[in-house]
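Chemist: Questions regarding the structure given below will be posed in turn.
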Amino acid sequence: MQDTVRILSIDGGGIRGIIPAVVLARLERQTGQRVADLFDLVAGTSTGGILALGLTRPGPGGRPLYSAAEMAELYEKEGAKIFSTSWWRRMKTLGSLAEERYSADGIEGVLQAYFGDARLKEACTDVILPSYEIERRTPFFFKSAMARERADYDFPMWQAARATSAAPTYFEPARVPAQNSSDYWALIDGGVFANNPAACALVEAISRNPRATKFLVMSLGTGVTLPRISIERAKGWGMAGWLRPMLDIVLDGVSTTVDYQLQQLLPGDYQRYQLTLQASDQHMDDVRPENLRNLRLQAEALCRERSGELHKLGERLVAIGAARERRAA
């Protein structure tokens, strides 16, 4: 009989990715196991995709190279490099109205440093990352399982991370060379259609495990913002007025819809960890040390508030893995 498939899903949200990283660090300390050992499939969009790959990137002996605590530190150590801009660029881009707000050099340099030559097929546990192909106008999924089956879908991890996090208005689209071909993929942030990738992950798990009858999902948000948009203000907006609010609406709306769907589909087997941010905390590119500290403190408070649920979930994840090992012995 097929055992329970354990799924981890991590939302997009830029620098706010420190929130799910802190929650996962708590889970790792509590269980004494790495995320790659606790889950059979890890899905991540945008910053969640960077986390998914970081937590499954192989190191010596094929074991995960980075802990969740180390990935949380990535935001504190490297955030300023990722979201780095000059006075001249701010003038040139007109505050991102005329061009992307940030050069891709910063984020690509950080990703190359963290992922090196690691490839998608080498992930310590299965991963799936959504992106969107703008020239072919179709969703594109980076999948470690497919990378192991097809050489033309095996990409360097840093390129997959760059593609899933190419947020419109923040970074230019990623031009990812097609493997074994002279063609390329023109990719942007998967958050445009799957900022909360939990439903994508569930469908992938079902298709990969047709005999499974039970799926356990842990879904991690990066903080929801609830700014009120007055109809009196909005009715006078044109394209420029709607641009940034519309991005927030799409990201929050998609995430909330998926949350509702999985609550209905998996009662008792689905846990969502999310917090509400203050207006001052909502920006995806606010890398000030005081903001990062505030986000970390809020994530730690979330862990304390839901410590009982987190503890039970950790025990259940470990028990599933232990039972599987006993059957294999």
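The values are calculated or read from the model by the stated rules, or taken from the named source; none is laboratory data. None of these values were measured; they are calculated from a predicted model. Quick reminder, even Gly has a Cβ in these numbers, built from the backbone with ideal geometry, and neighbours come from all protein chains shown. Accessible surface areas use protein heavy atoms only, side chains included; no ligands, DNA or RNA. Shrake-Rupley method; radii C 1.70, N 1.55, O 1.52, S 1.80 Å.
Chemist: Sort region 122-239 into rounded, prolate or oblate with this rule: let a ≥ b ≥ c be the square roots of the eigenvalues of the Cα gyration tensor; rounded if a/c is under 1.5, and if a/c is not under 1.5, prolate when a/b is larger than b/c, oblate otherwise. Don't skip to the end; give the middle numbers.
Modeler: Values: a/c = 2.60, a/b = 1.35, b/c = 1.93.
It is oblate, given that a/c is not under 1.5 and a/b is not larger than b/c.
Chemist: Among CYS303, CYS200, what's the order by accessible area (1.4 angstrom probe), most exposed first?
Modeler: Of CYS303, CYS200, the descending order of accessible area is CYS200, CYS303.
Chemist: Mind putting a number on the dipole of region 101-142 about its Cα centre? Charges go on the C-beta only, +1 for Lys and Arg and -1 for Asp and Glu, and I need it in Debye to the nearest 20.
Modeler: It works out to roughly 160 debye.
Chemist: Another question about this same structure. Mind jotting down the distance between the C-alpha centroids of region 246-297 and region 129-165, whole Å?
Modeler: 24
Chemist: Which shape class applies to region 240-305: rounded if a/c is under 1.5, otherwise prolate when a/b exceeds b/c and oblate if not, where a ≥ b ≥ c are the square roots of the Cα gyration tensor eigenvalues?
Modeler: Because a/c hits 1.5 or more and a/b fails to exceed b/c, region 240-305 counts as oblate.
Chemist: Here's another thing I want to ask about it. Ignoring ligands, DNA and RNA, how do TYR260, TYR114 rank by accessible area with a 1.4 Å probe, largest first?
Modeler: TYR260, TYR114
Chemist: Charges at C-beta only: +1 for Lys and Arg, -1 for Asp and Glu. How large is the resulting dipole of region 193-329 about its Cα centre, in Debye rounded to 20?
Modeler: The dipole of region 193-329 has a size of about 480 debye.
Chemist: As a test of the definition: which semi-axes, in Å, follow for the chain when you take the square root of five times each eigenvalue of its alpha carbon gyration tensor? Largest first, please.
Modeler: Equivalent ellipsoid of the chain: 31, 23, 19 Å, largest first.
Chemist: Moving to a separate point now. Using per-residue counts of other Cβ atoms within 10 Å, averaged over each peptide, order 41-53, 125-137, 68-80 from highest down.
Modeler: Final packing ranking: 41-53, 125-137, 68-80.
Chemist: Take PHE193 and LYS214, extend 7 Å from each Cα along the Cα→Cβ direction, and tell me the distance between the two endpoints in nm.
Modeler: 3.4
Chemist: Provide the convex hull volume over Cα atoms per residue for region 185-326, in Å³.
Modeler: Taking the convex hull of the Cα positions in region 185-326, it is 184 Å³ per residue.
Chemist: Restricting the count to DSSP beta bridges whose residues both fall in the chain, what percent are antiparallel, rounded to a multiple of 5?
Modeler: 45
Chemist: Hey, can you list the DSSP H helices of the chain whose Cα span along the axis is 18 Å or longer and whose average Kyte-Doolittle score is at least 0.0?
Modeler: Qualifying helices: 18-31, 239-265.
Chemist: For the chain, what is the calculated [θ] at 222 nm in deg cm²/dmol (nearest 500), taking -39500 (n - 2.57) for each run of four or more DSSP H residues and dividing by its residue count?
Modeler: Helices in the chain give a 222 nm mean residue ellipticity of -15000 deg cm²/dmol.
Chemist: So, one more: Arranged from highest to lowest average of other beta-carbon atoms within 10 Å per residue, in what order do the peptides 187-196, 11-20 appear?
Modeler: With the highest mean Cβ count within 10 Å placed first, the list reads 11-20, 187-196.
Chemist: Over region 4-64, what number does the Rg to Rh ratio reach, with both radii from the alpha-carbon atoms and Rh per Kirkwood?
Modeler: 0.96
Chemist: Please work out whether region 43-87 counts as rounded, prolate or oblate from its C-alpha gyration tensor, where a ≥ b ≥ c are the square roots of the eigenvalues and a/c under 1.5 means rounded, while otherwise a/b larger than b/c means prolate and anything else oblate? Show your work: numbers first, answer last.
Modeler: Details: a/c = 2.76, a/b = 1.93, b/c = 1.43.
In terms of gyration-tensor shape, prolate.
Chemist: Also: When the dipole is taken about the Cα centre of the chain, and only Lys, Arg (+1) and Asp, Glu (-1) are charged at their Cβ, what size is it in debye, to the nearest 20?
Modeler: The calculation lands at about 400 debye.
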